[in-house]
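Presented below is the structure to which this report refers.
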Amino acid sequence: MNATAKPDGKTITVTVEGTNKTATLPIISGTVGPDVVDIRKLYDQLGVFTYDPGFGATASCESKITYIDGDAGVLLYRGYPIEQLAEQSSFLEVAHLLLWGDLPNATQKKDFELGIMRHTMLHEQIRRFFDGFRRDAHPMAIMCGVVGALSAFYHDSLNINDPEQRRICAFRLIAKLPTIAAWAYKYSIGQPFIYPRNDLGYVDNFLYMMNAVPAEDYKVNPVLSRAMERWFILHADHEQNASSSTVRLAGSSGANPFACIAAGIASLWGPAHGGANEAALKMLADIGHVDNVPQFLHDVKDKNNHTRLMGFGHRVYKNYDPRAKILQGSCHEVLAEMGIKDDPMLDLAVELEKIALSDPYFVSRKLYPNVDFYSGIILKAMGLPTSMFTVLFAVARTVGWISQWKELIEDPSQRIGRPRQIYTGAPARDYVPLDARG
Ligand code: ACO
């Protein structure tokens, strides 16, 4: 699919009221989705900028990677529906798809898997970074620091304009993130770091590094492995969300990709984004019992309260998030495998969802469960501490971030990201000497 968005002859004409200033702007169509107005010449023609806080109405780039139809609840990676990929594909196959544009054939798949798994080890000097953190440091803080520090090991030799070096760098990031994440966890619980085992494959190796100890044999549970594989696939990319846009903005200045991904991790950490899976589970624990749901929802609707129903709502989805639907099903599988017959958290989540979906406050605002609503319940059932939830998100999303970064660097129309503003501060004024200030 090599289509490139181009003007299709349609235009929009904008007139500044009360003047004779008019601009005719081209409309550009993608392969699917709404058309966009090309406003690049607007300032030249009319002397005005556009104003769009939070970029809710702005396409910041052209992309061929991921498509979302928020009204219909559709998510496609390179055209493939997320439901089919989650059911039939593997995470590394999806990584190949996101990075290179197509599912690999058998030879490409083998080469790709070998290529990624060759890069799982960390430089021994990186090991020492962990000792610099407090034992109780949040693992996301460690992720930001250690991933950023990879720059110190590869920056000097990295030419981002060389496709081969971009490929190696993508492989390094995808391969090393699980090792860094598992070690951040091991550090927090005082257990020895477990070195990667490439023969296990991507997801099993991650579970192994997280759960094994040198004193005992460890066998990866295939049901949990499949659930984690699916979880990784669902979190692999999501077009121009806050963290991917952060990676693109950092990358647009030519910064090295290790630093760009560290910036993405920082952006993901916030509770309005990737931090919501941790926040959603904390919220369920705080609510505690179904009886407390009405009071909780009352607090959510109170504008002065600042309480939000975590794991609900999305900037783009105004219908059920398709990832949440898949995770809801996955939840039951994992709980059954772990022998958890009745999970009060799951019961509470289901009840909360039911009440919220029939409440006019949520209905009128088109607020539905997002990927984070059921995500935490699965990870908790697998025995992961809440502080690791967003870290797992970062591991999976690294594939999307690096695909977005690669697309940015390879886009001939790319230039440094530099939004404008509407200035509402003081107009020009003269410096006032200290003794003359009131
Ligand atoms: N609980 C209660 N009210 C909500 C929620 C929520 N979770 N989400 C949105 N609203 C309300 C807002 O108060 C606002 O109401 P108003 O029109 O009366 O002022 C309206 O719905 C629109 O909300 P915005 O904040 O303008 O929507 P926006 O698109 O900016 O925010 C966001 C999207 C950040 C995801 C928001 O829905 C939210 O904070 N959700 C909870 C956090 C969360 O689950 N984040 C994960 C998102 S998925 C991801 O990043 C992987």
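The values are calculated or read from the model by the stated rules, or taken from the named source; none is laboratory data. Everything quoted here is computed from the prediction, not taken from an experiment. Cβ coordinates were reconstructed from backbone atoms using ideal geometry, including for glycine residues, and neighbour counts include every protein chain displayed. These area figures cover heavy atoms from the full protein model, side chains too; ligands, DNA and RNA do not enter into them. Shrake-Rupley method; radii C 1.70, N 1.55, O 1.52, S 1.80 Å.
Of the residues making up segment 278-305, those that are assigned to a helix (DSSP H, G or I), within 14 Å of the ligand (Cβ to nearest atom), under 28 Å from the mean Cα position of the chain (by Cα) and more than 14 Å from residue 351 (Cβ to Cβ) are 278, 279, 280, 281, 282, 300, 301. Evaluation of residue 337 against the conditions (1) open to solvent by 60 Å² or more (accessible area, probe 1.4 Å); (2) within 14 Å of the ligand (Cβ to nearest atom) shows that the sole unmet condition is (2).
Here residue 316 does not fit the description of being in a helix (DSSP H, G or I) and at pLDDT 90 or above. Within the span defined as segment 377-396, one or more residues are crowded, with 24+ Cβ neighbours inside 10 Å and either in a loop (DSSP other than H, G, I, E, B) or of a type in the set (Phe, Trp, Tyr) (or both). Residues in segment 306-321 that are within 12 Å of the ligand (Cβ to nearest atom), farther than 25 Å from residue 388 by Cβ and not β-branched (Val, Ile, Thr) were compared, and the one that is least open to solvent (accessible area, probe 1.4 Å) is 317.
Listed here are the residues, each with its yes/no results for (1) modelled with pLDDT of 95 or more; (2) under 23 Å from residue 268 (Cβ atoms); (3) open to solvent by 50 Å² or more (accessible area, probe 1.4 Å).
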| site | (1), (2), (3) |
| --- | --- |
| 103 | yes, no, yes |
| 107 | yes, no, yes |
| 120 | yes, yes, no |
| 130 | yes, yes, no |
| 140 | yes, yes, no |
| 143 | yes, yes, no |
| 151 | no, yes, no |
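Under the condition of being surrounded by 20 or more Cβ atoms within 10 Å (Cβ to Cβ) and touching a residue at least 40 places away in the same chain (Cβ under 8 Å), which residue from segment 346-365 is nearest to residue 290 (Cα to Cα)? Ranking the qualifying residues of segment 346-365, first place goes to 348.
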